[in-house]
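Report on the following structure.
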Amino acid sequence: MGIVADVLFTLLQIYSYAIIIYILLSWFPNARESGFGQLLAKIVEPYLEPFRRFIPPLGMIDISPIVALLALRFAGYGLNSIFSMIG
């Protein structure tokens, strides 16, 4: 695969880590209100919002970020297949 594929896979991985960190921030009081938390919210919330609309929380547990991470993983698999066919 080429450099474009490597860059895309790296960006998907970084974005996945950003989502995980954003989820972990919810475990700490006022962490999402910090500057770092607000920056992550601006980056991650636009992606998570559609999943939250369709997947209701189970009690106090929000599983939509897990589904969002799985969707990113499947997108990576799809990109891998596309780049394998091309190159």
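None of the figures in this text is laboratory data; all of them are computed from the coordinates on show. Every value quoted in this text rests on a predicted model; they were computed, and no experiment measured them. Note that we place each Cβ from the backbone using ideal geometry, even for glycine, and neighbour counts take in every protein chain shown.
With n ≥ 4 as the cut-off for DSSP H runs, can you work out [θ] at 222 nm for the chain, using -39500 (n - 2.57) per run divided by the number of residues, rounded to the nearest 500? It lands at -26500 deg cm²/dmol. Placing a pseudo-label 7 Å from each Cα along the Cα-to-Cβ vector at A18 and I3 gives an inter-label distance of 2.3 nm.
Calculated from the structure at hand, volume of the Cα convex hull per residue in Å³ is found among (i) 183; (ii) 94; (iii) 83 as (ii). Once C-alpha pairs closer than 8 Å and six or more residues apart are averaged by separation and normalised to the residue number of the chain, the relative contact order reads 36 percent.
About the centre of its Cα atoms, the chain shows a dipole size close to 80 debye [charges on the beta carbon of Lys, Arg (+1) and Asp, Glu (-1) only; nearest 20 debye].
The modelled label-to-label distance between L39 and L72, using points 7 Å beyond Cα along the C-beta direction, is 1.7 nm.
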